[in-house]
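The values are calculated or read from the model by the stated rules, or taken from the named source; none is laboratory data. Every value quoted in this text rests on a predicted model; they were computed, and no experiment measured them. Glycine gets a Cβ as well: all are built from the backbone with ideal geometry, and neighbour counts include every protein chain shown. Side chains included, ligands, DNA and RNA excluded: accessible areas come from the protein's heavy atoms. Shrake-Rupley method; radii C 1.70, N 1.55, O 1.52, S 1.80 Å.
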Amino acid sequence: MRRFHVWYAIGGLAVTAALPGTLRAQGFSVNEHSTCAMGRAGTAVASPCPDGSAIYFNPAGVADAGGSQITFGGTFIAPRGSFTNDVTRIESKLIDHLFPIPNVYFTRKVSDRVGVGIGLFAPYGLTTEWSTNSEVRYLGYKSVIKNIYIQPTVAVKLNQYFSFGAGFDLDFAHLQLRQRVDLSGQQLPPPAPAGATFANIGVATGTDFADANVHGNSTGVGYHVGILIRPTDRISFGARYMSRQKVKINSGTAEFNQVSTGIILAAGNPFGVPGGTPLDAVLAPQFGAGGPLTTQTAITALRIPEQWGFGVAVSPIEKLKLLFDITLQHWQVFDTLFIQLANLPTTVLPSNFKNTTAYRFGAEYAVSSMVSLRGGYINHNGAEPSGSVTPNLPEGPRSEFTGGLGADLGGRIHGDLAYQYIIQADRRGRSVPFGQPDNGLFAFHASLFGVSFTYAF
């Protein structure tokens, strides 16, 4: 039997490449790396929070670190989503999860003008998971991308008005895609006519015969810079840049496990085997030694866009701070993805992402010297164009509302809490391969909970 031509949708990684596990921001970026900043809608470019998260939001803010401090925190994301088929009206739902996104920061004041620090956070990531019997399973029922950054940072206060900071981004990346393969669309072996598929001999659409699991790890390197300008005590401006990366996975693994079809072949079947033979026995050699669906190496590359952030912070009265940030992400670098498997044809899939802009409005009010209240609003467009929206990343334009609380807990410990709610506009998309028309509607919303503790010493 000749090899099957398997359209292997590892290309789903191209259009997912936050965890809705962290399906969080434009594309697959994540912005919740500080509970303090999260409470005020992530507005921290012009006025970073005093919890070490300036390492991410604006490295120049590390120059303002007081003494030494360490922050442990995390954001917990509870996504909810579904896909409804236009014709059947059958609804497939995301599996409910609560995903943790950690962050850890250490900063130290070296001198009156110099601060240093190191941070661990996850600025990009994704996990979407659907049931293995949902109709979206052929594009991917589980997609995972994790980019954990470790960033050493140095910042200098040039004078009372200007600060500058920079750091290296060490990226530890993990990718995984799990999907089912539909037998009905696979080509029949000779002497069947060219182009004939298993559907032509009565195999129903939606007959799973293989479960694919592709995964790999790699590392990348980038950098991060920022400036702060404070013309007065009541106003500040900030800008930051985080570089693009290209993470190459040269030694990934693709595993294929056979799924029983339960089909019994009739006499006179095109495989030339006796009537009563299980079809699974005929397919089994494809998963054995020398078959196209044995465990094999996988090669791909993930492009991560650069980010620009600009912000302004104003204190109209002593206790109140108003903040506004704009974040730009160059998602156009994520235009295509090549997938090379050892035993299957190389695939080049378009993603056609577009650049995105996020508008963030935040406020912080000092109720007392020990307690602060925060709130904010975010609005941004989506990176995915029409025709590219899939179950791997059903992303679209969103509005987000935030609230938070910070309090000194005594003993040099400060605590922060935050909540964020995401409302995403319903988005047309598809559960079928690229090139076919959209065939359904994706819906999505999420709740996020943040908590962190900072210890000064």
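Based on Cβ point charges of +1 for Lys and Arg and -1 for Asp and Glu, what charge dipole magnitude is obtained for the range 56-171 about its Cα centre, in debye rounded to the nearest 20?
220
Calculate the spin-label point distance for Gln258 paired with Arg89, positioning each point 7 Å from the Cα along the beta-carbon direction, and give it in nanometres.
Computed distance between label sites Arg89 and Gln258 equals 4.1 nm.
Taking the Cα-to-Cβ direction at Ala78 and at Tyr359 and moving 7 Å from each Cα, how far apart do the two end points lie in nm?
If labels sit at Ala78 and Tyr359, their model points lie 3.0 nm apart.
Highest mean first, what order results for 183-192, 49-58 on Cβ atoms within 10 Å?
The densest-packed peptide leads the list: 49-58, 183-192.
Give the shape of the range 209-305 as rounded, prolate or oblate, defined through the alpha-carbon gyration tensor: a ≥ b ≥ c are the square roots of its eigenvalues, a/c under 1.5 means rounded, and otherwise the shape is prolate if a/b is larger than b/c and oblate if not.
Cα axes put the range 209-305 in the prolate bin.
Arrange the peptides 60-72, 234-246 so that the one whose residues have, on average, the most other Cβ atoms within 10 Å appears first.
Packing proxy ranking, top to bottom: 60-72, 234-246.
With the cut-off at 1.5 for a/c, could you classify the range 21-173 from its C-alpha gyration tensor as rounded, prolate or oblate?
prolate
For the range 175-274, give the magnitude of the charge dipole about the Cα centre (Cβ charges: +1 Lys/Arg, -1 Asp/Glu; no others), in debye to the nearest 20.
With Lys and Arg at +1 and Asp and Glu at -1, about 760 debye.
Let me check the size of the chain from its C-alpha atoms; what are the radius of gyration and Dmax in Å?
25.2, 88
Carbon and sulfur atoms: what percent of the 1.4 Å accessible area of the chain do they account for?
61
Of the cross-linked pairs Lys109/Lys354; Lys319/Lys354; Lys146/Lys319; Lys146/Lys354; Lys146/Lys321; Lys157/Lys354, which ones have a Cα-Cα span greater than 31 Å in the structure shown?
Among Lys109/Lys354; Lys319/Lys354; Lys146/Lys319; Lys146/Lys354; Lys146/Lys321; Lys157/Lys354, the Cα-Cα distance tops 31 Å for Lys109/Lys354; Lys319/Lys354; Lys146/Lys319; Lys146/Lys321; Lys157/Lys354.
Tell me the Rg and the Dmax, in Å, that the Cα atoms of the range 129-186 produce.
Here Rg and the maximum Cα pair distance are 22.1, 70 Å.
Using just the C-alpha positions of the range 284-405 as equal point scatterers, what log10 of I(q)/I(0) does the Debye formula give at each q in 0.10, 0.13, 0.14, 0.18 1/Å?
Relative scattering, expressed as log10 I(q)/I(0), comes to -0.55, -0.73, -0.79, -1.01.
So for the pair Ala266, Thr294, with labels modelled 7 Å out along Cα→Cβ, what separation do we get in nm?
Distance between the two pseudo-spin positions: 3.6 nm.
Taking the highest mean first, how do the peptides 138-149, 209-220 order by number of other beta carbon atoms within 10 angstrom per residue?
The most tightly packed comes first, giving 138-149, 209-220.
Calculate the dipole size of the chain relative to its Cα centre from +1 charges on Lys and Arg beta carbons and -1 charges on Asp and Glu beta carbons; express the result in debye to the nearest 20.
Once rounded to the nearest 20, the dipole reads 620 debye.
For Thr197 and Ser111, calculate 0.36 nm times their separation in residues minus their Cα-Cα distance, and state this gained length in nm to one decimal.
Full extension of this stretch gives 23.7 nm more.
Lys319 to Val348: FRET efficiency via 1/(1 + (r/R0)^6), r the Cβ-Cβ distance, R0 45 Å, to the nearest 0.05?
Rounded to the nearest 0.05, the efficiency is 0.20.
Which one of Gly406, Pro394, Met370 has its Cα pushed farthest toward the positive end of the charge dipole of the range 324-457, where Lys and Arg give +1 and Asp and Glu give -1 at the Cβ?
Value computed over the given set: Pro394.
Per residue, how large is the accessible surface of the range 390-457? Use a 1.4 angstrom probe and give square angstrom.
Per-residue value: 42 Å².
When the helix-only estimate is applied to the chain (DSSP H runs of n ≥ 4, each -39,500 (n - 2.57), divided by the residue count), what is the mean residue ellipticity at 222 nm, nearest 500 deg cm²/dmol?
-500 deg cm²/dmol
Can you work out the accessible area per residue across the range 184-285, with the rest of the protein chains kept in place, probe 1.4 Å, in square angstrom?
Solvent-accessible surface per residue comes out at 48 Å².
Can you give the FRET efficiency to the nearest 0.05 for Asn381 and Ser447, using r as the Cβ-Cβ distance and R₀ = 25 Å?
So, using R0 = 25 Å, E works out to roughly 0.70.
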